[in-house]
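Student: The structure is given below, and queries will be raised subsequently.
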Amino acid sequence: MGRTIAPMSRFPFFLSLVLLGSALAATASQAQIFAADQARTPQVEVRLLSDSASVQPGQRLVLALEQRIAPHWHTYWSNPGDSGQPTAIAWKLPAGATAGPILWPTPERIDIGPLANYGYSTQVLLLSEIQLPKDLQPGRDLAFEAAVTWLVCKDICLPQEAKLSLHLPVAAKAQASVQADSLKAARTALPGKAPWPVQAQRDPQGKLLLSWPAKGEAPGQAQFFAAQWGPVRHAEVQTLSREGQQWQLSLAPGESPLAAGQKLQGLLVLGEGADRKAYQVDLPLRAASAEGSTSNGEVVALLPALLLALVGGLVLNLMPCVFPVLSIKAFSLVQQAHGHADEARRHGVAYTLGVLASFAVLGAVLLLLRGAGAEIGWGLQFQSPLFVLGVAWLLFGLGLSLSGLLEVGAGLGGVGSSLAEKRGLAGSFFSGVLAAVVATPCTAPFMGAAVAYALQQPGPQLLAVFLSLGLGLALPYLLLSWWPALQRLMPRPGAWMNVLKQGLAFPMYGAAIWLVWVLALQGGAQAVLIALCGMALIALAAWLRQVSRHARSAPWRRLGLASALGALMAALMLGAGLPVAAPQSAAAGVAEAGFEPYTPERLTELRAEGKPVFVNLTAAWCISCLVNEKVALSRPEVKAAFAERGIHYLKGDWTHQDPRISALLAEHGRSGVPLYLYYPSGAEPRILPQLLTPGLVLDELRADKKT
C-alpha cells in the first residue's frame with residue numbers, strides 16, 4: 001500500500017483495523033474469475049469493455065475497466081489523497097499496438113477521520129486508448145489482456161487484483177459495440193480545459209489562491225483536487241469567496257509547497273450533483289506581494305484599468321512603431337487645417353472609428369483564442385510570419401502611394417465617382433486601422449497593467465479596456481480636428497507639401513525593411529526572398545496600373561489593369577508558401593553580446609547560488625525593446641556595471657510563442673514585452689520601467705548596492 005499505511009500509522013486506533021485488513025488480504029486480494037472479461041470480489045466487480053465489437057487496421061480503440069463497488073466501499077483516483085493507492089492496469093497487447101494512460105474521471109472527496117481521500121464509490125469507468133497497427137489482416141482475432149490491481153477501502157483496506165482478457169475480430173470496417181454509447185458518454189464527461197482563464201498565486205498568509213472570472217450565477221460549491229501529493233493539504237477546508245470580478249478558492253499549502261513559477265496541477269470542480277463540472281488546471285504559481293497583488297504591485301479593477309488604458313494609449317503615440325502612420329495623419333491635418341471646420345471634424349471622427357474598430361476586432365480575436373485554450377498576449381499576432389509579411393507589404397504599398405507611384409482608390413475598373421467622393425473619409429478610417437495595427441508591437445507605460453487585467457476578464461470588460469486604449473491612441477488627432485484654434489497654428493498648405501508627402505514615404509519603407517528583418521528571424525532566408533519578391537511584384541503592379549491609366553485605348557487600359565491584378569495575385573501566391581517555423585533561434589538576431597538565453601531552470605540555478613540576475617524579455621517585432629537595448633542595455637557604462645557587480649544577463653526572446661516566457665510575464669502581471677526584471681542577490685525582483693535610459697538602469701543598480 002506504500003503511502004497508504006504511513007499516514008494511518010500516526011493514529012493508534014487504526015492499528016487493529018490494519019491488522020484485520022492484513023488478515024483478510026489473503027482471501028480477498030485475488031478476484032474470482034467468472035468470465036475472461038469480468039471478475040468479482042465481495043467488494044468490487046470488474047469488467048473489461050470495448051467501444052467496438054470488431055476493429056479495423058489503424059483504429060484508435062477505446063477500452064474501459066468498469067468497477068462496480070459495494071456500498072460504503074471506495075477505490076482511488078490517480079492521486080489518492082492522504083492515503084490509498086490508485087488503480088493500475090498493465091496491458092498485454094497485440095504486436096504493434098500501444099496503450100495510452102488511464103483517462104481518469106472526476107473523483108469525489110472521501111473524508112475518513114482526519115484524512116481526506118480522492119476516489120470513487122458505486123461505479124466508475126476508467127478509459128484507455130489503444131492505437132492499433134495499420135498492418136492488421138482482416139479475419140484474425142486480437143487478444144487484449146489486462147492485469148489489474150486496485151485498493152478498495154471502507155474501515156479496512158484490501159489490495160485486490162484480477163486478470164482480464166477480451167478478444168475482438170479484425171474486419172475491413174470497425175463495428176460499434178453495445179457499450180459504445182456509454183463509453184462515449186464517459187469520454188465526454190472527462191475533465192476538460194476551462195473556457196475562461198484561471199490563475200494561481202500565493203497570498204501574504206502563504207495560502208494558495210485559485211481565481212477565475214465571476215460569470216453568471218455563483219458556482220455553489222468549488223473544490224480543487226491536486227494531481228500530486230504535497231503541494232496542497234487535502235483535508236483542509238477550501239474556502240470560496242468573491243473578490244470584485246473574480247471568484248477565489250483558498251487552499252492550504254501541503255508538506256511540499258510550490259515555489260513561484262512551479263506548476264500547480266489538478267482539477268477545479270464547480271457545482272454539485274448533476275451540475276458538477278470539472279476543469280483541468282495546469283499553470284505556474286504567481287508570486288504575490290505583501291498587499292496580495294502580483295509581484296509588480298499592480299492591483300487593477302475596471303475603472304482604474306480604463307484610466308490606465310486611456311493614458312497608455314496616449315503615450316503609445318510617442319512610441320516609434322506608430323510614427324510612420326502618425327506622420328501621414330500630421331500631413332493630412334495640415335491639409336485640412338485651413339479648410340472647412342466640419343470637414344476636419346468628420347476626418348477626426350473617421351480616424352477614431354478606424355482605431356476603435358481595430359481594437360474591438362483585436363479584442364474579439366483574443367477572446368476566441370482564449371476560449372480555444374490558446375495562450376494570448378499583447379502583440380501576439382506579430383508572432384505569425386504571415387501577419388508580419390502582410391503588414392510589411394501594406395507599408396511598402398503605402399510608401400509607393402506617398403511617392404506618387406500608386407494611387408489607391410482611383411476609379412478602379414471604371415467604378416463610379418461616388419466612391420471617389422467618399423475616398424477622403426475612407427482614407428482617414430483606414431489610417432486609424434493602420435495606426436492600431438502597427439501600434440500593437442509596442443507596449444507603452446501605464447498600459448501593461450491594464451492589458452494584463454483585461455486579458456483575464458470576461459468579454460465585456462476586456463473589450464471596454466481595449467476600446468479605452470484605442471481612444472487614447474486616437475485622442476490627440478481627434479482633439480486637433482475639433483479644436484480650430486490649434487489648427488490655425490499649423491502652416492498653410494503649399495507646394496512644399498508635395499515634397500513633404502514624398503519624404504514621408506521613407507518612414508514607410510523603413511518600417512517595411514524592419515518587418516522583413518523580423519521575417520528573417522522567423523522564417524530564415526526563404527521568408528526574406530518571398531517578402532522581397534512580393535515587394536517587387538507590388539511595385540510592378542503599381543507601375544502597370546499607372547501606365548494603363550494613361551493609355552489612350554480602352555483595351556490597353558484593361559490589359560494594364562489585368563496585368564497589375566495578375567502581379568498582385570502572384571504576390572499573394574508567394575505569401576501562401578511562407579515558412580511558418582523559424583529554422584534557428586530568433587534570439588540570435590535581437591541580442592547583443594554578453595547574455596545567456598533565458599530559461600526558468602537557469603534563473604532558478606543562479607538565484608539558488610545567490611547571484612544577481614537581470615532578465616530582459618524582448619521580441620524582434622517590439623521596436624520599444626530594440627530601442628531600449630540600443631540606447632541603454634548595450635551602452636558601455638551599463639555593461640561595465642553589470643560586469644563589476646557580477647550580474648548575469650538573461651534574455652528571453654518572445655518573437656515566437658514561448659510558454660516559458662508567457663509564464664514569467666503572467667507571474668509579474670504582464671501580457672506583453674518588454675519586461676525588465678532585476679533580481680538582486682537574495683532579494684525579490686524589481687521591475688524596471690518600459691522605457692529605459694542608461695542613467696535609469698545605473699540608478700537601479702546603485703540602489704541595490706546601497707542596500
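The values are calculated or read from the model by the stated rules, or taken from the named source; none is laboratory data. Predicted model only: the values in this text are computed from it and were never measured. Cβ atoms come from the backbone with ideal geometry, glycine included; neighbour counts cover every protein chain shown. Accessible surface is based on the protein model in full, side chains and every heavy atom, while ligands, DNA and RNA are left aside. Shrake-Rupley method; radii C 1.70, N 1.55, O 1.52, S 1.80 Å.
Student: Mind listing the long-range amide H neighbours of LYS651? Cut-off is under 5 Å, sequence gap 5 or more, other chains count too, H placed in the peptide plane at 1.01 Å from N.
Tutor: Placed amide hydrogens put GLU596, TYR598, ASN616 under 5 Å from LYS651.
Student: Quick check: net charge around PRO191, other residues with Cβ under 13 Å of its Cβ, Lys/Arg +1 and Asp/Glu -1?
Tutor: That sum, taken over residues with Cβ under 13 Å, equals +3.
Student: Shifting gears a bit: Using a 1.4 angstrom probe, figure out how much accessible area region 532-582 has per residue, in square angstrom, rounded to the nearest whole.
Tutor: Solvent-accessible surface per residue comes out at 61 Å².
Student: Let me cross-check GLU684: its accessible surface, 1.4 Å probe, with only protein heavy atoms counted, in Å² to the nearest 10?
Tutor: Taking all protein chains as shown, GLU684 has close to 140 Å².
Student: Quick one: 3J(HN,Hα) in Hz for region 112-126, Karplus 6.51/-1.76/1.60 with θ = phi - 60°, rounded, Gly and Pro as x.
Tutor: With the stated coefficients, region 112-126 comes to 10, x, x, 9, 10, 10, 10, x, 9, 10, 6, 7, 8, 10, 9 Hz.
Student: Quick one: length gained pulling HIS72 to ALA525 fully straight, 0.36 nm per residue minus the C-alpha distance?
Tutor: 156.3 nm
Student: For the pair ALA116 and SER634, how long in nm is the line joining their label points, each one 7 Å along Cα→Cβ?
Tutor: According to this spin-label approximation, the distance is 5.4 nm.
Student: What aspartates and glutamates sit close enough to LYS639 to cross-link, taking a C-alpha to C-alpha distance under 17 Å and skipping anything fewer than 8 places away on the same chain?
Tutor: GLU592, GLU596, GLU629, ASP699, GLU700, ASP704
Student: Might you work out the accessible area of CYS622 for me, using a 1.4 Å probe with all protein chains in place, and round it to the nearest 10 Å²?
Tutor: 0 Å²
Student: If you don't mind, there's one more thing I want to ask. Amide H of ASP51 versus every other amide H placed in the peptide plane: which residues, excluding those fewer than 5 positions away on the same chain, fall under 5 Å?
Tutor: The answer is VAL62.
Student: Okay, next question. Cβ neighbours within 10 Å, averaged per peptide: list 96-103, 471-478 in order, most packed at the top. Can you show the working numbers first?
Tutor: Numbers: 96-103: 14.4, 471-478: 22.0.
Listed from highest to lowest mean packing, they are 471-478, 96-103.
Student: In addition: Sticking with the crude label model, points 7 Å out along Cα→Cβ, report the distance from GLN265 to VAL237 in nm, one decimal please.
Tutor: Label-label distance for GLN265 and VAL237, simple model: 3.1 nm.
Student: Give me the distance in nm between label points sitting 7 Å out from Cα along the Cα-to-Cβ direction at THR599 and LYS611, one decimal.
Tutor: 1.4 nm
Student: Between ALA554 and GLN502, take the C-beta separation as r, use R0 = 35 Å, and let me know the FRET efficiency to the nearest 0.05.
Tutor: Details: r = 31 Å, r/R0 = 0.89.
E between ALA554 and GLN502, to the nearest 0.05, is 0.65.
Student: What whole-number value in Å² describes the accessible area per residue of region 127-231 for a 1.4 Å probe? List each step's numbers first, then the result.
Tutor: Working: 5100 Å² over 105 residues.
Here the residues of region 127-231 average 49 Å² of exposed surface.
Student: In terms of the Cα gyration tensor, with a ≥ b ≥ c the square roots of its eigenvalues, is region 145-249 rounded because a/c is under 1.5, prolate because a/b exceeds b/c, or oblate?
Tutor: oblate
Student: What percentage of the solvent-accessible surface of region 55-120, computed with a 1.4 Å probe over protein heavy atoms, is contributed by carbon and sulfur atoms?
Tutor: The C+S portion of the solvent-accessible surface of region 55-120 is 54 percent.
Student: Something else now. Contact order normalised by length for region 633-707, with contacts defined as Cα pairs under 8 Å and 6 or more residues apart; what percent is it?
Tutor: 27 percent
Student: Next up: Tell me, what ³J(HN,Hα) does each residue in region 460-474 have, in order and in whole Hz, if you take phi through Karplus 6.51 cos²θ - 1.76 cosθ + 1.60 with θ = phi - 60° and put x for Gly and Pro?
Tutor: x, 5, 4, 5, 4, 5, 5, 5, 5, 5, x, 4, x, 5, 7
Student: Step through the table entries LYS193/LYS263; LYS207/LYS611; LYS154/LYS184; LYS92/LYS154, compare each Cα-Cα distance with 23 Å, and write down the pairs that go over it.
Tutor: LYS207/LYS611; LYS154/LYS184; LYS92/LYS154
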